[in-house]
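Quick notes on the structure that follows.
Please treat every number below as a calculation from the coordinates, not as lab data. Here the structure is a predicted model, which means the values were calculated and not measured. With ideal geometry, Cβ positions are generated from the backbone for all residues, glycine too; neighbour counts draw on all protein chains shown.
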């Protein structure tokens, strides 16, 4: 009887090591929805610039420039991107080539926007403050404000690859 119990225990321990672990990803969508006033600010920008964009359920807007191919990244994916971020006045506040991030660690606008494209895809995101940097000024290393509080921000993103 002890032998059978020992075999069952060893077998269960051995097989459990072969199972794919679930729950390793600690990132979650916050399912934020921007208030109507912020959505209106995005719509005002789109209208003033004669831009047709698609509304996401979060009240963010986007344009898929190139859909890409294959699968889409998930929150725990390491993404390799080329991007440029700017304010609605055209001021570029950040731009990088070959940047690597874990998607779930980024602002909510990226979390919901980037999975709308696949590898090789390009997207433009029009992100209201609630899904971006919110009601806080974002400052550079010298203390200068680079993204004022409550700013609508625009990102042009190319998803080069992901794992």
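Summary table below
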quantity	calculated
Within the chain, helix-based [θ] at 222 nm, where runs of 4 or more DSSP H residues each add -39,500 (n - 2.57), nearest 500	-6500 deg cm²/dmol
Degrees, to the nearest 10: 36-48 long Cα axis against longest axis of the chain	60
Stretch gain in nm, segment residue 49-residue 92, where the contour uses 0.36 nm per residue and the Cα spacing is subtracted	13.8 nm
Among 112, 33, 138: highest mean-square fluctuation, GNM of the chain, C-alpha pairs under 10 Å	138
Angle in degrees between helix 2-16 and the longest Cα principal axis of the chain, rounded to the nearest 10	20
Max mean-square fluctuation residue, GNM over the chain, Cα-Cα springs under 10 Å, options 95, 47, 151	47
Computed label-point distance, nm, for sites residue 29 and residue 69 using a 7 Å Cα→Cβ extension	2.7
Gaussian network model of the chain, springs between alpha carbon atoms under 10 Å - residue of 134, 143, 68 with greatest fluctuation	143
Spin-label model distance (nm) - residue 119 vs residue 36, 7 Å beyond Cα toward Cβ	4.4
